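The next block holds one structure in the form of structure tokens; read it before the comments.
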Amino acid sequence: MRNSRRDAVIDGLTLPWNSGVVEGHVNKSKVLKRQMFGRAGFSLLRKRVLLAT
């Protein structure tokens, strides 16, 4: 059985696809969440997330 970390690194360097777009969306959502912390309820956060895309 091979080392799973080693396999992940090899796959990341050799495979033609990645999850960069998904990570970008997750990052944008987290930034909006941090900006809205303590300001308003879920409804306003939801509107900002929907309008940001």
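Cβ-Cβ distances below 9 Å connect the following pairs, each with a first residue in the range 37-49 that is closer than 20 Å to Asn27 by Cβ and β-branched (Val, Ile, Thr), a second residue that is assigned to a helix (DSSP H, G or I) and open to solvent by less than 100 Å² (accessible area, probe 1.4 Å), and a separation of six or more residues or different chains: Val49/Lys28; Val49/Ser29; Val49/Leu32.
Residues in the range 23-41 that are open to solvent by less than 90 Å² (accessible area, probe 1.4 Å) and of a type in the set (A, V, I, L, M, F, W, C) were compared, and the one that is nearest to Leu51 (Cα to Cα) is Leu32.
The values are calculated or read from the model by the stated rules, or taken from the named source; none is laboratory data. Note that the structure is predicted; figures quoted are calculated from it, not measured. Methodologically, a virtual Cβ is constructed for each residue, glycine included, from the backbone with ideal geometry; neighbour enumeration extends over all protein chains shown. With ligands, DNA and RNA removed, areas are computed over all heavy atoms of the protein, side chains included. Shrake-Rupley method; radii C 1.70, N 1.55, O 1.52, S 1.80 Å.
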